[in-house]
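Working notes, structure below.
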Amino acid sequence: MPVLQKADHTATFSADVSVDLGSQAPSTTTDNTVTVPGVLAGDDIVQVIPPSGLNAGLGVSHARVTAADTVSLRLVNATAGAIDPASLTYRFIVGRH
């Protein structure tokens, strides 16, 4: 994964990760544990780019690093029914101080 080193000694990189999430309950937010190789405790998730094939009614609320190689990805299901999304590739933009 390419890392962009800035003059102020911060860095950003992206990681494309195939994610197979479980069923998302209706009208809720759900925290999903995702393995993102290369993230470290203290890194920031700057952006999550969801795949174009993400089910209608599902959206990414936010994400945060919870441990090395581990991100909590919060999805919102804004529909009245449960949705079990297919395995898709998400892009995580990571900031490092």
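Quick notes
- Model label points for residue 86 and residue 41, set 7 angstrom from Cα along the Cα-to-Cβ axis, are 3.8 nm apart.
- Placing +1 on the Cβ of every Lys and Arg and -1 on the Cβ of every Asp and Glu, with nothing else charged, gives the chain a dipole about its Cα centre of roughly 160 debye.
- Cα-based equivalent ellipsoid of the chain: semi-axis lengths in Å, sorted from largest, via gyration tensor: 27, 12, 11
- Relative contact order (%) - the chain, alpha-carbon pairs under 8 angstrom, separation at least six: 43 percent
- Sum of side-chain charges, residue 24 neighbourhood, beta-carbon under 15 Å (Lys, Arg +1; Asp, Glu -1): -2
Every number here is computed from the coordinates shown, using simple stated rules; none is lab data. Owing to the predicted nature of the structure, the values given are computational and were not obtained by experimental measurement. Reconstructed Cβ throughout: ideal geometry from the backbone, glycine too, with neighbour counts over all protein chains shown.
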